[in-house]
Structure formats: C-alpha cells, structure tokens
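In what follows, a structure is listed as structure tokens, so that the remarks can point back to it.
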Amino acid sequence: MNYSVEQILLNRFDMTRWRTGFTDNFSHMCVSVDRSVLRLNELSPRGLIEWREPMTEPLCAVTLEKVNSTYGGYPVYISNTDFLPWTVRQTGIGQADNSDFIGVSAALYSPEYNKLIWNLKLKAGSAAEGEYRIKFSGKMRFGEKSHSLRKCENGAVCIFDSSAKHSKYMTYPQSDGIFPLWSVTAENVDFVTVDKEKFSYQIVSKPFFIAAGNYHTISLHIEYETLPYDKAEIWQPKEINRGIDADEEINKRKSAWINLLGLKETENGDTVKTVRSKAGLLRNEFVWNNNIPEKRIVANYCSVTNWSSASFFWDTLISSTGLMYYNMPLAEDAVRSVFYWQREDGCVPTCAYEHTVGSTFYPQAPISAWAAVHMLKHGASMGFIEEIVPKIDKLHRWFTDTQDHDRDGLPEWRFTGCPADNSPLYDNYAQPICKDLNSLWNIYLPPIASVSLASFLIMEAKCLAYLFNKLGNTEKAHEYRKSAETMSGRLVDICLENGEMFYDYDHQTQHFNHALTLYSFLPLWADVPLDLAIKKKIIENYLLNKEYFFGEYPFPHLAYNEEAYRPDGYWRGRVWPHTTLWMLELLWSNGYCDAADEAADRLLKMMSQREEILENYNSSPEMSGGGEPDYSWSYAGYLMIENREYRKPVVDLIKL
C-alpha cells in the first residue's frame, strides 16, 4: 500500500528534545518545541566546540492578553502537534476571562539557511470577540556576565559567550573564536523590554481586534549567526518581510525535501525505516561557507547537535555510503569535508568543523578509498574520483611513512579515540591511569602492531590500486597492489598467533593482546592471503559461533564470553552498526552467503527496536537501547544492510 511521504515521516522525529529538535536548510541551529503549551524551548548551536548544549530556557513562550482584562496573560495549551522535517504544525486553545476560547494554529518552518519563522494564526470563538495583545518572552539558559542582550528593531539580539575561559559548565582545549548569536523579532510590535540582569526579553505586540469567527495572523522571526565578537556587537537582523506566505513557503520546503530524498510523492509504506533513515541523514547535514559559492560544502555531522555535532572522519565516510543511494552530490560533499583541513603532510584531524579542526589531529580508521569504491559503483562522478583520490593517497602515505614508529612494517594507532575509545584492546595501557576501565576513556598509546589499522590500510591500498587504474595511472595502481601484498605478509607474520587468530602484538612486552574483538576478523575482510583452512576455522569457530559473536544481536565489538564483556559497554560489548558492514562483506566474499543474510536480518531487527536509529546498540535483547539517538553512521548502516550492499563486497569488485 502506498502512502504520501508526509504520512510516512509524520512524527517520526521527536523534536521536543534539544538533541533532536527542529532544523532545516542545513542550518547551524536547532530548536526544541513544547508539546504542552505554545513555546519554543531550547535553542541549541550546531557545530561548535566550546558549547554543545542549549543556550535558552525558553527561546520563546507565547501568552495572550485581553486588553482591559483583569485576568492578565494566559498561555495557549496545545492539543495536537505534527512533527515533519520541513515544518512543525500545532493547534491549541487559549481562554480569556470566562469567555469563549481563542483557537490557535502555529507553523514553524525555515524559509532559508539560519532562519526560522513561527507563524501564528488566531481565531476568535463566538464569545471571544475583543481586543488582544500577544507577548513573546524568553531568556538565556545561563547568566554569564560576558553574555550580551540588547534591543533591536521589533525585538532582541542575544550574544552567547561560549568560550571556555568564561564557562564553568564545560571546557575544551581550543577556542571557536566565534560567538553564537540570534535575534527574535516580531510583526506589529508595540514595545520591547530586556532585563540584562536576568538575561530575559519580552516583545509585546500592538493591540489588535478579532471579531467572532475571524482570524488574526502574526509571525515571529528567528535568525542565527556565528561571528567574531566585534562583528557580533554590531550585527542586526534582516528587516521582516511581511509578504511571506507561510503555506507557500512550507510547501516549497516539502518539495525540496522530497527532491533531496530522491522520492516520489507516494512511497510503499513498508519502507518507513528506510525513508526515515534517509531523512535523518539530511537532518544531520551542515553547510560550510554558505555565503561563498565556490567554497560551499554540505558536511554530514554525526547528529543534529550535542557532542557529536561535527564531521568525524570515519563516521562521515560511512555516512557518505548511505547518502549515495539517493543524493550523490551530498555524498561527495561529505567526503570532501573530511579532507577540508588536510595538512600538507597528508594528515587529517579526528573531526572537523566549518571554522576549525577538532581537538586531535589523529585520523580515525582510513576507509575513504573503500567508501569511494562503493560510491563509484553507485554513480559517483569521475570528476569527484579525480579530485579525491590524490587526497586519499596523501593520507595513506602519511600513515605508512610516519606512523610505523617501531619499523616493523605495520603502522600504529597513537590514540584510542581513533579506532575504539575504551576497548579492552587497550586495558593494559589504561589500567595504570584509569580507575574504572568500564567508564568511557581515551588514552595515547605506545607503538603496538595493530590488526585493525593494518587491515584498513591493506583494504585502502587495494581500493587505491583499483581507483588509480580507473584513472589510467597504472604505475600508482601497481605501487599500491605491491604495498597491500607487503603489508599483508607482515600482518600475518606478526599478528597471526599459531595460525589460530589475529591479535594485536606488543613488541616491547613480546605478548599478544588476547582481547577477542571484531577487529580480529578484519584481515579476512581485507582479503589478506591465508590458507583456506585457517579462514574456515576463524569464521566458523569464532565469528559464526553464538558463544562468541553470532547471538541474536550479532557482532558486538567484544566477544560475549570475554571477561570484560558487558552488553551495554561502549566499546566493551555493544554492537556498532558500521563495523557489522565489514563482517557481512567478509561472510559473503568467503562464501557464507546464508549466514550473511541471516546476520543482516538479525541486525535489521535489532535496529528496529525503537523509532530512533542509535549510534550503537546493547548486544543483549534483554537490555534494549544503546548510544546517541539518530546517529548518521547508523542511518547509513541501516540503508546499506537493508539494500543488501554486502552482497557486492568491495574485495570482489576491485578484483575485476
């Protein structure tokens, strides 16, 4: 049965919470919407380092006041809310004195980047005829002395000092160098008051008369910017355009969303999770350099806001493989964003923002060529491949030329935040400095022969050979095939213990790290040459063994029977959807097709346990939930699994 896209997406995203609030047009802000009374609660920044929480409490509350009434102002109580990616529609009622009700319908939408309009339509009941005012009021969440609040024409402008030197709530090692600011302005304003001690404002409309059964419309305009303080001090919002037709603008945004999603007006109702995942990836998009057309990039952030509102390296590369199904230009832009801050030596940061790099300049898993091969298969332009392959080449050479500190032929991770944060793989090194190994931690590492990094680099080398061959550079293609062959030999020599299993190896202590994680199987995913009997033993005895990794929720990072395993452990037992993609490819390319399909079905079931798609999942069905809601790489993981992308594994494609 077919349903309209609007029916499919209606109330699929909970915009009452600040972490998943309303955002559109790839803007740099999101707003949570109250379901009880007519109020916009939290305005939250997107893509800042120093402040990742709401800045208002509330952004704007609405009260009605009947002129000359002794009852004062009263709220509008909401009876119905419809959340859609392009608008939030609400209906409610307010009551003046003991008279009939005032009916209110509200529509929040974004006509352009970094701008919201809240359109309110009032209808007087049969006994509610009279003269009214509307009051809009709000305040900053925290009253730091360095914040600024001032009047502007028809409203107020707020400048929020998010810098660490002033904030006692959160500290980060570097500064944004820019200040988030926003304006709230309204039509037909009588007067504006600001309280600089309480960091609050009030906008009061001119009195207006509503006859019984008639309507009155008023709009609130919200603009957002991030600027250096000297520019923020003098910034003024745009003049209100009173000729905007709200319904027309909302329909434009609806059409734009349907176009971006690559959908028809109606879709099969069985595809709800797929459509939601596509829409979720778009909600996490974030435009860079919007006012500089030649530099404009639409990056994909991990989430709408919060700590993960940034372009993390491997997160974004996984996201590109979800975007490739329906919007290749955005998929290509996502990859561009992770190389935006690439240094001359080839290194890229762990995460990136429009205005600065993240806190560490260590790349996460190098999987960009793997992603590019998938994208090329789905129609990425050769122009994009020509543009991005030299950047991937430089990054690969940074790893091989500078990160093999013990000169064993296998580059090393230097920071646990790049491959797996608090994984038991690194407990030996964290134990002296970490009181609780089950907590979330990151540490710097000594040189360790890493199974995961070597496998990623081997896969990258093979993919680069394939891509260079596509570009006609047979010399570079040969160079990378040889590099993959050499590193594969070193990985087997150093990290394959007794022909049984791959483990990280510490040359200093001369011991293997026997924490059995999903990363032990990555050499098979990268098609490292191995005796077939060894492959069979690794896959059947471990990966497909329900005591280790093949439970109802398969492929947790850490084996079920490990001492450190906890179903809700971050990298100590949860299932990470993006890492399962490689296990599915591994199984299919090694002939375990039925097992791959069964695992995919179990994973889709796991990811359907609730409306949101989570960053990661507790690996026991008895313990629902997991990580951050509506996380980009999990959207992409769902789309790749649902599309059975693993049936066309990269290692098979690049052999052709």
Give the angle, between 0 and 90 degrees and rounded to the nearest 10, that separates the Cα long axis of helix 577-589 from the longest principal axis of the Cα atoms of the chain. 40
Label model pair residue 127, residue 490: point-to-point distance (7 angstrom along the Cα→beta-carbon line) in nm is 8.6
Computed [θ] at 222 nm, helices only, for the chain once each DSSP H run of length n ≥ 4 contributes -39500 (n - 2.57): -9000 deg cm²/dmol
Bins of 5 Å, beginning at zero and ending with the bin holding the largest distance: percent of Cα pairs per bin for segment 209-261, please. 4, 12, 14, 14, 16, 15, 13, 8, 3, 1
Report, in whole Å, the centroid distance computed from the Cα atoms of segment 61-86 and segment 326-370. 45
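First select every other residue whose beta carbon is under 10 angstrom from the beta carbon of residue 629; then total the charges, Lys and Arg +1, Asp and Glu -1.
Values: positive: 17, 19, 610; negative: 14, 611, 612, 615, 628, 630.
Here the count lands on -3.
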What angle do you read, to the nearest 10 degrees and between 0 and 90, between the alpha-carbon axis of helix 313-323 and the longest principal axis of the chain? 70
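Report the gain in length on full extension from residue 534 to residue 436: 0.36 nm times residue separation, minus Cα-Cα distance, nm rounded to one decimal.
Details: separation 98, 0.36 × 98 = 35.28 nm, distance 3.66 nm.
Answer, rounded to one decimal: 31.6 nm.
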Using the Kirkwood formula on the Cα atoms of segment 49-142, what hydrodynamic radius do you get, in angstrom to one decimal? 15.0
In degrees, nearest 10, range 0 to 90: what is the angle between the Cα axis of helix 382-402 and the longest Cα principal axis of the chain? 60
State the percentage of accessible surface on segment 1-64 attributable to carbon and sulfur atoms; use a 1.4 Å probe and exclude ligands, DNA and RNA. 42
Distance between Cα centroids, segment 588-621 to segment 201-256: provide it in whole Å. 45
Distant-in-sequence amide H partners of residue 562 (H built 1.01 Å from N, under 5 Å): none
Residues with amide H under 5 Å from that of residue 310, placed H, sequence gap 5 or more: 302, 303
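At 1.4 Å probe radius, can you tell me the per residue accessible area of segment 355-499 in Å²? Before the final figure, lay out each step's value.
Numbers: 5520 Å² over 145 residues.
Here the per-residue accessible area is 38 Å².
Give me the 1.4 Å probe accessible area per residue for segment 1-99, excluding ligands and nucleic acids, in Å². Write out the running numbers ahead of the final one.
On the way: 3530 Å² over 99 residues.
On a per-residue basis, 36 Å².
Take the solvent-accessible surface of the protein heavy atoms, probe 1.4 Å, and return the percent of it on segment 478-577 that carbon and sulfur atoms account for. Walk me through the intermediate numbers first.
On the way: 1960 of 4250 Å².
Reported share for carbon and sulfur atoms: 46 percent.
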Normalised radius of gyration for the chain, please: alpha carbon Rg relative to 2.2 N^0.38 Å, two decimal places. 1.05
Accessible area per residue, Å², segment 193-262 with all protein chains present, probe 1.4 Å: 56
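Listed highest first by mean packing, meaning other Cβ atoms within 10 Å per residue, what order do 196-203, 301-308, 231-238 come in? Mind showing how you got there, number by number?
Values: 196-203: 17.0, 301-308: 22.8, 231-238: 14.0.
Descending mean neighbour count gives 301-308, 196-203, 231-238.
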Sorted on mean Cβ neighbours within 10 Å (highest first), peptides 535-547, 218-230 come out as 218-230, 535-547
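How much space per residue, in cubic angstrom, does the convex hull of the C-alpha atoms of segment 392-444 take up?
Values: hull volume 4.5 nm³, N = 53.
It comes to 85 Å³ per residue, whole-number rounded.
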Cross-link reach from residue 546 to aspartates and glutamates, straight Cα distance under 14 Å and at least 8 residues apart if same chain, gives 562, 598
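Express the C-alpha Rg of segment 480-625 as a ratio against the empirical globular expectation 2.2 N^0.38 Å, rounded to two decimals. Could the numbers behind the result be given before it?
Numbers: Rg = 15.7 Å, N = 146, 2.2 N^0.38 = 14.6 Å.
It is 1.08.
Would you mind checking 115/206; 278/648; 66/252; 66/139; 391/482 for any pair whose Cα atoms are more than 29 angstrom apart? Don't jump to the answer; show the numbers that get you there.
Details: 115/206 24 Å; 278/648 21 Å; 66/252 35 Å; 66/139 24 Å; 391/482 20 Å.
66/252, as the Cα separations exceed 29 Å there.
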Return the carbon/sulfur percentage of the accessible area of segment 326-444, one whole number, probe 1.4 Å, all protein chains in place. 48
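Based on the mean of other beta carbon atoms within 10 Å per residue, what is the order of 471-479, 384-392, 370-378, most packed first? The partial results should precede the final answer.
Values: 471-479: 13.6, 384-392: 18.2, 370-378: 22.3.
In descending order of packing, they fall as 370-378, 384-392, 471-479.
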Once both label points are put 7 Å beyond Cα along the C-beta direction, the residue 135-residue 227 separation in nm becomes 3.0
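The values are calculated or read from the model by the stated rules, or taken from the named source; none is laboratory data. Predicted model only: the values in this text are computed from it and were never measured. Ideal geometry is used to build each Cβ from the backbone, glycine not excepted, and the neighbour counts take in all protein chains shown. Accessible surface areas use protein heavy atoms only, side chains included; no ligands, DNA or RNA. Shrake-Rupley method; radii C 1.70, N 1.55, O 1.52, S 1.80 Å.
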